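The values are calculated or read from the model by the stated rules, or taken from the named source; none is laboratory data. From a predicted model like this one, the values you see are computed outputs, not experimental measurements. Ideal geometry is used to build each Cβ from the backbone, glycine not excepted, and the neighbour counts take in all protein chains shown. Note: accessible area is taken over every heavy atom of the protein model, side chains too, but ligands, DNA and RNA are not part of it. Shrake-Rupley method; radii C 1.70, N 1.55, O 1.52, S 1.80 Å.
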Amino acid sequence: MTRTSVTSILNEPLIFERSAPGKSAYSLPRLDVEDVPVEEILDSKYLRTEVRGFPEVSEVELIRHFTRLSTWNYHIDLGMYPLGSCTMKYNPKLNERVARIPSIALTHPLQEEQHSQGSLEILFRLQECLKELTAMDAVSLQPAGGAQAELIGILMIRAHLTQKGSPRKFVLIPDSAHGTNPASAVLAGYDVISIPSDKKGRIDVKVMAEKMSEEVACLMLTNPNTMGIFETHIEEIAQIVHQKGGLIYMDGANFNALMGYARPGEMGIDVLHLNLHKTFSTPHGGGGPGSGPVVCKEHLAPYLPVPRVEQEGGLYRLNSDKPESVGRVHSFHGNFGMAVRALCYILSCGREGLKELSEMAVLSANYIRRQLEDHYDLPYDTDILHEVVFSDKKQHKNGVTTQDIAKRLIDYGFHPTTTYFTLIVQCALMMEPTESHSKEELDAFIDAMIAISREARDDPEKVLSAPATAKLTRLDEVRAARSAILRWEP
Ligand SMILES: *Cc1c(COP(=O)(O)O)cnc(C)c1O
């Protein structure tokens, strides 16, 4: 059954088109203290007399404009967001409440250490929690997201190997890795050797062992990989890489598949990153702030970004005296507000709670898989953890593609799934429900997917012309990416 579409179609002009000279979005009483002309304070050459094309609107016009635009948006507080490799889980409002406590939200990063003990304690305690969850030895909370964290992790490996004699030349990356992995390795100065997946969708250990040499700096492994499949040979893999003096980087962005069950430090991993904005429920999407802590073993700790948050004699302090560090990678302490939310989430869930969340994330993905496997092609028949990948093979016969199916989901009131990724599946449809949804919500999503597969068979035009209910329908995505216009000109 079609759910009511959540997208209102309103015609809202640009704010520039609403503008009329002389309108203003505030009204305040006149100053009753003596007014010093601004020219007496600032040199007039710094004063702007006119802003070209600046919109002039009233307060109510301003508020309504942005409120109307917001109704065109789909968001996690509105409904399910089944994007794969994204972990769009619900962010409990308790996190927001805590992050807004004035003594936390308004503290200034340049305040003296002795007056920032509470804020530093938050950072320190979060580091301790992440060490415990991963069985690793040291953490930096500075990186602003997963991709930046990967680059830092590889630079740390580079610094470590350089110190041991040679940075080496290559990084091994399975073809099922997240796309940011090869980009990070190349940015850090390495050439990438791609390792194929086996029939089960896991890294081909035999090929990996052949490619591993003393020219290889590290293996970069997304685990679970972008098929949602756990690399069960991880200990053997680590042994092969370590024997040749290489290191293992684990992309742990999707840690909610493992949290409470498996700890990377016990699998032979040397360094990994976590995405607080995925696993630990801090908001993400829409370009908001992220946080990608880098977590490593003792032998890589000297290279972590500075300053490091440390505890000494009951006091917390920032230590930048680390001569081997790769340096500072973010202003101040990283995205502090994300750290507050993540610590609140971890403490409010507790150890057992976090474990249960992983269970629910894995159960939900497997439930979707079982319910949909008769309706959509399942390229790999291997057990999965937190996400499932189908393809459009069955629907393609009627000319309906992954893109069309994703667009049709909008009409059923859901955000589209991830499309055309992972790359090892042709025309992939990747779904990650996360642990946030009730069985009823999962069933509604499954019903929508089944209904679309029926439409693709009986009435393909309906799917091909979707979405029927969205404000904007089929955008030219290639043109949008290649010739983006980021600025409105009057
Ligand atoms: C999301 C994700 C990344 C990238 O993280 P960002 O914070 O978006 O830079 C890297 N690897 C995996 C496996 C991911 O899911």
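Considering (1) open to solvent by less than 30 Å² (accessible area, probe 1.4 Å); (2) away from the ligand (no atom under 15 Å from the Cβ); (3) in a loop (DSSP other than H, G, I, E, B); (4) closer than 26 Å to THR382 by Cα, the lone condition that GLY245 does not fulfil carries the number (4). Sub-8 Å Cβ pairs linking a first residue in the range 454-481 that is of a type in the set (Lys, Arg) to a second residue that is in a loop (DSSP other than H, G, I, E, B) and open to solvent by 60 Å² or more (accessible area, probe 1.4 Å), at least 6 apart or interchain, are ARG457/ASN398; LYS471/ILE9; LYS471/LEU10; LYS471/TRP72, ordered by first then second residue. Note on the range 294-311: residues that are open to solvent by less than 70 Å² (accessible area, probe 1.4 Å) and not in a loop (DSSP other than H, G, I, E, B) amount to 10.
Screening the candidates ILE405, ILE368 for the property of being β-branched (Val, Ile, Thr) and either assigned to a loop (DSSP other than H, G, I, E, B) or without any contact (Cβ under 8 Å) to a residue 60 or more places away in the chain (or both) yields one hit, ILE405. Residues in the range 52-76 that are open to solvent by less than 70 Å² (accessible area, probe 1.4 Å) and in a loop (DSSP other than H, G, I, E, B): GLY53, PRO55, GLU56, VAL57, SER58, THR71, TYR74, ILE76.
For the range 165-194, the set of residues classified as open to solvent by 10 Å² or more (accessible area, probe 1.4 Å), part of a helix (DSSP H, G or I) and away from the ligand (no atom under 12 Å from the Cβ) consists of VAL186, LEU187, listed by residue number. Only one of the listed residues (GLY268, GLY314, GLY327) is at pLDDT below 95 and open to solvent by 10 Å² or more (accessible area, probe 1.4 Å). That residue is GLY314.
Condition check ((1) open to solvent by 80 Å² or more (accessible area, probe 1.4 Å); (2) within 16 Å of the ligand (Cβ to nearest atom); (3) in a loop (DSSP other than H, G, I, E, B)) across all residues:
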| residue | (1), (2), (3) |
| --- | --- |
| GLY22 | no, no, yes |
| THR49 | yes, no, yes |
| GLY79 | no, no, yes |
| SER85 | no, yes, yes |
| VAL98 | no, no, no |
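Residues checked against (1) polar (S, T, N, Q); (2) closer than 30 Å to LYS397 by Cβ:
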{"residue": "SER331", "(1), (2)": "yes, no"}
{"residue": "GLY337", "(1), (2)": "no, no"}
{"residue": "ALA342", "(1), (2)": "no, no"}
{"residue": "GLU356", "(1), (2)": "no, no"}
{"residue": "TYR367", "(1), (2)": "no, yes"}
{"residue": "GLN371", "(1), (2)": "yes, yes"}
